[in-house]
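Shown next, in structure tokens, is the structure this report addresses.
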Amino acid sequence: METPLVHLTEIELESVYEPSEDSFLLIDALELDSGYFEYNNPTLCLEIGVGSGIVITALAMALKKFCYSYFLGLDINPHACKVTKKTSDTNNVNIEIIQMDLLNNIQNKNIFDIIIFNPPYVVTEALEIFDNKLINKTWAGGYKGRQVMDKLFPMIPHLLSAKGIFYLLVIKENEPTNILQLFEKFNIIGSIIIERKIQGEHLFVLRFKKVIH
Amino acid sequence: MKLLTHNMLTSKCLKGVLVGYPLKIEVQDLRICEVNCNLDFLIRVIPRIDYPVLYTAMETLGYANDLPSEKPEDYQTNEEFLKKLHHALFEIEIINGNLLCPETGRKFPINDGIPNMLLNEDET
Ligand SMILES: C[S@@+](CC[C@H](N)C(=O)[O-])C[C@H]1O[C@@H](n2cnc3c(N)ncnc32)[C@H](O)[C@@H]1O
């Protein structure tokens, strides 16, 4: 996948997540599935916590080569929303953007073929996630780094389409195996599709699909 | 914000709100932008939208004449209809305005095309 052009000013960097190893691993994970997308033409695509917009823009640029799709990006941080708009414009793709807390205002309808989340995953004090500083919200994950993502998980079965795929970036401390087990209870099966060790972090991308009866 | 996006949004997370759908629209600035139309894509989108909600949104914006009030039976092959639908879903953009909870009237501002759906802690 082509890497989108992303430019963050010094001021934007004070609150918006700068594309990092985790962002790139997620893009690499999506690239692994590009053959599947070409065959299956995802219709509606969603990213939660877009930050600079690098991941959803990369996806939009890649899909544009063979199909039409709709892209929706969400972030709790207003600056991230604006930067994502800028990133999508710079790279000539169309992305709808909404400032929102997780999926709180999205109708429970199983319409999304792709859902992506690179959550705040760093293990911190439980209370850290309530810190109002926007830059803290990019990484602070509370207990086991799971506090923010755990709130989102139960919403996924209601939004994912029958053939939909959910991509989630996690680190070892988030206990990926436990997350896979948790999703089994929702009738959603997942596996690790790519992992990478970088300094101080062992990153994984989990991919989930609904069990079709 | 395009009308396909409006079609998915709810305010049900507000305290005391039962359905919170569809959100009402108040427009200050609106832009019409030309977007390439792809019929295959539209046919894939149709089963995922709430058509009456889209039609009501068009009515609010003063474009009731640009879309039939009901989806024609032959929608998959009716090219004229699909083009109108494309226009309604993807070419109309609300730049500034508000979305309103249908039950409480709580306003969610749209600035520069980006709706802000965040709530205060005491609202959830
Ligand atoms: C690790 S960053 C990932 C940014 C970008 N997707 C990337 O991969 O470079 C996590 C993002 O999630 C956002 N975020 C944190 N908590 C959120 C919440 N409750 N609702 C929506 N977005 C949230 C942050 O603002 C931040 O942009």
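The values are calculated or read from the model by the stated rules, or taken from the named source; none is laboratory data. Since the model is a prediction, treat every value here as computed from it, not as a measurement. Here Cβ is always computed from backbone atoms with ideal geometry, including for glycine, and neighbour counts include all displayed protein chains. When the accessible area is computed, the model is the full protein with side chains, heavy atoms only, and any ligands, DNA or RNA have been set aside. Shrake-Rupley method; radii C 1.70, N 1.55, O 1.52, S 1.80 Å.
On a C-alpha basis, how far is the centre of segment A:29-68 from the centre of segment A:1-21 in Å? Whole number, if you could?
18
With a 1.4 Å probe and every protein chain left in place, work out the accessible area per residue of segment A:22-210 in Å², rounded to a whole number.
Accessible area per residue: 39 Å².
Give the average over all directions of the projected area of the C-alpha convex hull of segment B:44-124, one decimal, in nm².
6.7
Give the cross-link partners of A:Lys133 among the lysines, using a straight C-alpha distance below 19 Å as the criterion and excluding same-chain residues fewer than 8 apart.
Answer for A:Lys133, where 19 Å is the Cα cut-off: A:Lys82, listed by chain and number.
Threshold 50 Å², probe 1.4 Å: give the residues of segment B:29-63, in number order, that are less accessible with all protein chains present than with their chain alone.
By number: B:Phe41, B:Arg44, B:Arg48.
Percent of accessible area on chain A owned by carbon and sulfur, 1.4 Å probe?
53
For the pair A:Asn110 and B:Asp122, how long in nm is the line joining their label points, each one 7 Å along Cα→Cβ?
4.1
Beyond 29 Å, what share of the Cα-Cα pairs of chain A remains, rounded to the nearest whole percent?
Everything past 29 Å amounts to 17 percent.
Interface size between chain A and chain B, please: total buried accessible area, 1.4 Å probe, rounded to the nearest 100 Å².
2600
Report, in whole Å, the centroid distance computed from the Cα atoms of segment A:167-213 and segment B:1-69.
34
Taking a ≥ b ≥ c as the square roots of the Cα gyration tensor eigenvalues, with a/c under 1.5 meaning rounded and otherwise prolate when a/b beats b/c, else oblate, which class fits segment B:30-69?
Oblate shape, in that a/c is at least 1.5 and b/c is the bigger or equal ratio.
Based on the Cβ-Cβ distance of A:Glu173 and B:Lys12, what FRET efficiency does E = 1/(1 + (r/R0)^6) give at R0 = 22 Å, to the nearest 0.05?
For A:Glu173 and B:Lys12, the calculated efficiency is 0.05.
Lys pairs in chain B, Cα-Cα under 26 Å, at least 8 apart or on separate chains: how many?
16
Using Cα pairs closer than 8 Å and at least 6 residues apart in sequence, work out the relative contact order for chain A, in percent.
In percent, rounded to a whole number, it is 19.
Relative to the isolated chain, which residues of segment A:82-102 have their accessible area cut by 50 Å² or more in the presence of all protein chains (1.4 Å probe, heavy atoms, no ligands or nucleic acids)?
Flagged in segment A:82-102: A:Lys85, A:Glu96, A:Ile98, A:Gln99.
Enumerate lysine pairs in segment A:135-213 that are 8 or more residues apart or on different chains, then count those whose Cα atoms are under 27 Å apart.
Number of lysine pairs found: 24.
List, largest first, the extents of the alpha carbons of segment A:25-74 along their principal axes, each in whole Å.
29, 22, 14
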